[in-house]
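In what follows, a structure is listed as structure tokens, so that the remarks can point back to it.
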Amino acid sequence: MLLFVVMSLGITANAQEGVKFEELTFKEALAKAKAENKLVFMDCYTSWCAPCKRMLNTVFVTKEAGDFFNPRFVSVKYDMEKGEGPALKKQYGVNAFPTLLFLNGDGELQHCIVGGMPAEELLKQAGLALDGQGVASLEKAYKAGNREPEFIETYMSALDLANRGEVTEKVCLDYFATLDKAKLSERKYWDLFAKYVEDVDSDVFAYVYEHRNELAQVIGEKEVKNKIRVVYIIGANRFVTG
């Protein structure tokens with residue numbers, strides 16, 4: 001039983017077609033979700049957040065979103081700078097907006113999405129939360145030892161969507177540590193490296209730098225050089241800032 005809490009702007013969506021956000025305290029939302037065997041959808045927003053406004057005015061108001069969310073979730077939204085917002089922001093580590101949380105009736109995180117997105121992606125992610133395939137379930141499976149390539153890629157994608165970059169990079173580096181680094185010449189593995197790895201001191205980056213000419217012939221010289229440059233810049237910035 002999940003509670004999906006949505007913290008967003010205080011504008012009311014179309015009551016008939018869009019997502020029905022209820023005027024409940026956080027405690028009341030959890031209790032209602034538990035009593036009705038539903039999830040809580042919580043939109044974490046601020047009054048100045050442009051993507052929050054777009055979600056509210058173009059996504060949450062759609063009939064598709066309302067038809068999917070209203071029977072399955074207790075939907076609420078909180079301004080992260082007012083009322084209960086600051087405490088919830090701290091409790092769930094919200095640091096970007098909008099952050100969309102899926103919680104169970106005990107307030108335990110099940111899934112998390114950060115940033116604006118079209119209705120189709122929102123419904124897809126909500127479906128994953130309902131099916132017990134959110135980031136929390138993936139994290140549990142990872143800690144239990146699942147290292148299947150397809151699972152790892154799914155887990156990294158979920159972490160990235162939840163704006164957990166440091167964790168994503170660690171999982172990626174641990175994954176590459178189990179592979180023959182020659183696989184980086186394959187587009188599938190290069191893309192993972194290019195998207196998630198920023199550690200200039202990592203073994204996998206050292207391999208890329210050492211084999212940059214061979215990789216450039218397969219991946220493309222401009223792409224390989226640009227990735228190396230970006231990682232060095234990030235490494236320098238981290239060194240300067242400590």
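The values are calculated or read from the model by the stated rules, or taken from the named source; none is laboratory data. Because the structure is a prediction, the values reported are computed rather than measured. We place every Cβ from the backbone using ideal geometry, glycine too, and count neighbours over all the protein chains shown. Each accessible area value is taken on the protein alone, full model and side chains, heavy atoms only, with ligands, DNA and RNA left out. Shrake-Rupley method; radii C 1.70, N 1.55, O 1.52, S 1.80 Å.
For segment 201-215, the set of residues classified as open to solvent by 20 Å² or more (accessible area, probe 1.4 Å) and either touching a helix residue (DSSP H, G or I) at 6+ places or on another chain (Cβ under 9 Å) or modelled with pLDDT under 95 (or both) consists of ASP201, ASP203, TYR207, TYR209, HIS211, ARG212, ASN213, GLU214, listed by residue number. Within segment 216-230, which residues are open to solvent by less than 40 Å² (accessible area, probe 1.4 Å) and assigned to a helix (DSSP H, G or I)? Hits for segment 216-230 are ALA216, ILE219, VAL224, LYS227, ILE228. Consider PRO118 carefully, then state whether it is in contact (Cβ under 8 Å) with a residue 24 or more places away in the chain and open to solvent by less than 60 Å² (accessible area, probe 1.4 Å). For PRO118, the condition - in contact (Cβ under 8 Å) with a residue 24 or more places away in the chain and open to solvent by less than 60 Å² (accessible area, probe 1.4 Å) - is not met. The number of residues in segment 158-185 that are of a type in the set (Asp, Glu) and without any contact (Cβ under 8 Å) to a residue 12 or more places away in the chain comes to 3. Testing THR178 on (1) of a type in the set (Ser, Thr, Tyr); (2) open to solvent by 70 Å² or more (accessible area, probe 1.4 Å); (3) in contact with a helix residue (DSSP H, G or I) (Cβ under 7 Å, 6 or more places away or on another chain), one condition comes back false. Which one is that? Here THR178 clears every test but (3).
Of all residues in segment 54-66, at least one satisfies being farther than 27 Å from MET156 by Cα, crowded, with 23+ Cβ neighbours inside 10 Å and within 20 Å of the chain's Cα centre (by Cα). Exactly one residue out of ASN95, ASN104, ASN163, ASN146 is open to solvent by 20 Å² or more (accessible area, probe 1.4 Å) and in contact with a strand residue (DSSP E or B) (Cβ under 8 Å, 6 or more places away or on another chain), and it is ASN163. Remark: pairs (first residue in segment 85-109, charged (D, E, K, R); second residue assigned to a helix (DSSP H, G or I); Cβ separation under 8 Å; 6+ apart in sequence or on different chains) = ASP106/LEU30; ASP106/LYS34; GLU108/ALA136. Regarding segment 125-132, can at least one residue be identified that is crowded, with 23+ Cβ neighbours inside 10 Å, at pLDDT 95 or above and part of a strand (DSSP E or B)? No - not one qualifying residue is present in segment 125-132. Given the structure, is VAL6 open to solvent by less than 70 Å² (accessible area, probe 1.4 Å), β-branched (Val, Ile, Thr) and modelled with pLDDT under 95? Yes: the conditions hold for VAL6. For segment 133-154, residues that are touching a His at 6+ places or on another chain (Cβ under 6 Å) and assigned to a helix (DSSP H, G or I) total 1. Within segment 166-175, restricting attention to residues that are of a type outside the set (Ser, Thr, Tyr) and open to solvent by less than 10 Å² (accessible area, probe 1.4 Å), the residue that is nearest to GLY132 (Cα to Cα) is VAL171. A Cβ distance below 6 Å, combined with a sequence gap of six or more or placement on separate chains, defines the contacts here; from segment 35-59, residues that are touching a residue at least 60 places away in the same chain (Cβ under 8 Å) reach no residue that is acidic (Asp, Glu). Assess whether ILE233 counts as being open to solvent by less than 40 Å² (accessible area, probe 1.4 Å), of a type outside the set (D, E, K, R) and modelled with pLDDT of 95 or more. Spelling it out, it is not the case that ILE233 is open to solvent by less than 40 Å² (accessible area, probe 1.4 Å), of a type outside the set (D, E, K, R) and modelled with pLDDT of 95 or more.
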